[in-house]
1. Exactly one condition in (1) surrounded by 16 or more Cβ atoms within 10 Å (Cβ to Cβ); (2) in a helix (DSSP H, G or I); (3) among the aliphatic types (A, V, I, L, M) is not met by ALA152; state its number.
2. Could you go through the stretch 171-179 and let me know if any residue there is acidic (Asp, Glu), part of a helix (DSSP H, G or I) and either out of contact with any Gly (no Cβ under 7 Å at 6 or more places or on another chain) or closer than 24 Å to ALA68 by Cα (or both).
3. Which one is modelled with the lowest pLDDT, of the residues in the stretch 103-152 that are of a type in the set (Phe, Trp, Tyr) and farther than 20 Å from LYS27 by Cβ?
4. When the residues of the stretch 122-139 are narrowed to those that are surrounded by 22 or more Cβ atoms within 10 Å (Cβ to Cβ) and in contact with a Leu (Cβ under 7 Å, 6 or more places away or on another chain), which ends up farthest from VAL100 (Cα to Cα)?
5. Within the stretch 1-20, restricting attention to residues that are among the aliphatic types (A, V, I, L, M) and either surrounded by 18 or more Cβ atoms within 10 Å (Cβ to Cβ) or touching a Gly at 6+ places or on another chain (Cβ under 6 Å) (or both), which residue is nearest to ARG244 (Cα to Cα)?
6. Can you pull out every residue in the stretch 190-230 that is among the small types (Gly, Ala, Ser) and closer than 21 Å to LEU89 by Cα?
7. Sort through GLU167, GLU162 and tell me the only one that's among the acidic types (Asp, Glu) and either outside the structural domain of LEU97 (by TED's automatic domain parsing) or not in a helix (DSSP H, G or I) (or both).
8. Of all residues being aliphatic (A, V, I, L, M) and assigned to a loop (DSSP other than H, G, I, E, B) in the stretch 119-137, which is nearest to ALA210 (Cα to Cα)? Just the residue, please.
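The values are calculated or read from the model by the stated rules, or taken from the named source; none is laboratory data. Since the model is a prediction, treat every value here as computed from it, not as a measurement. Cβ sites come from the backbone with ideal geometry, for glycine too, and all protein chains shown count toward neighbours.
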Amino acid sequence: MAPVSAPRLTHSVTGGVATVVIDHPAKRNAMTDGMWAALPPLLDGLATDPAVRAVVLTGAGGTFCAGADISTLGNGAAQGLAVAAEEALAAFPKPTLAVVRGYCVGGGSQLAAACDLRFAAEGALFGVTPAKLGIVYPASSTRRLTALVGPATAKYLLFSGELIGTERALRTGLVDEVWDGADLDKRVAEFTRVLVGRSLLTQAAAKEFAAGRTDRDAHWAAQARGSGDTAEGVAAFLERRAPRFEWTV
């Protein structure tokens with residue numbers, strides 16, 4: 001019998017894309033306290049790495065994340081660690097994409113919702129399940145879910161704890177694209193190539209503005225003036241070539 005690896009987060013960087021993998025397959029990639037705690041410093045390193053222009057978050061094997069490890073739920077620190085990890089992911093200054101297969105439940109849904117975009121394989125299942133355990137879902141997580149899917153769907157998910165499939169998830173805005181499992185990796189590779197070829201300056205500013213930071217126009221205008229991205233974008237358009245944007249966080 002093959003040895004069971006310890007619960008962990010792994011990552012690799014290829015072509016400007018960092019792929020972060022939730023790796024705890026013995027428990028459907030449930031997040032332990034150690035895994036929650038490891039995510040913010042991992043993201044800090046990726047944020048300042050000029051070789052990284054986008055992040056993909058996914059799960060090992062055939063599932064994304066089945067939530068928090070049930071053995072940690074009695075620990076008062078567990079929810080705080082989960083919220084800190086979620087907030088670090090939401091605040092990450094570069095584009096983030098959750099790639100979901102199988103179960104995306106509880107804490108897994110927190111992580112997926114904290115990403116900028118979500119692509120799913122057909123047959124994936126989504127659920128927000130604190131009502132099944134008598135847990136109060138964090139206020140920040142509730143607000144983020146509501147902003148993503150609207151009040152009615154957020155209440156449906158939170159009140160019932162029921163799982164929904166990809167058809168309803170796509171219709172309500174919980175996911176952005178759904179693909180046959182065989183085609184999902186190809187689509188993710190294609191789309192992340194698009195992301196890393198675009199201006200990170202534009203993307204970083206858009207992330208802040210979309211999150212409600214409307215007081216930073218002057219900051220981003222100054223960044224744009226000093227970056228050279230605008231001049232490069234215009235020149236590339238006129239010369240009918242791919243732009244080479246250099247601004248980084």
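1. Among (1) surrounded by 16 or more Cβ atoms within 10 Å (Cβ to Cβ); (2) in a helix (DSSP H, G or I); (3) among the aliphatic types (A, V, I, L, M), ALA152 violates only (1).
2. no
3. Among residues in the stretch 103-152 that are of a type in the set (Phe, Trp, Tyr) and farther than 20 Å from LYS27 by Cβ, the one modelled with the lowest pLDDT is TYR137.
4. Across the stretch 122-139, the extreme among qualifying residues is VAL128.
5. The residue in question is VAL17.
6. Listed by number, the residues that qualify are SER199, ALA204, ALA205, ALA206, ALA210, ALA211, GLY212.
7. Result: GLU162 is the single residue among GLU167, GLU162 that is among the acidic types (Asp, Glu) and either outside the structural domain of LEU97 (by TED's automatic domain parsing) or not in a helix (DSSP H, G or I) (or both).
8. VAL128
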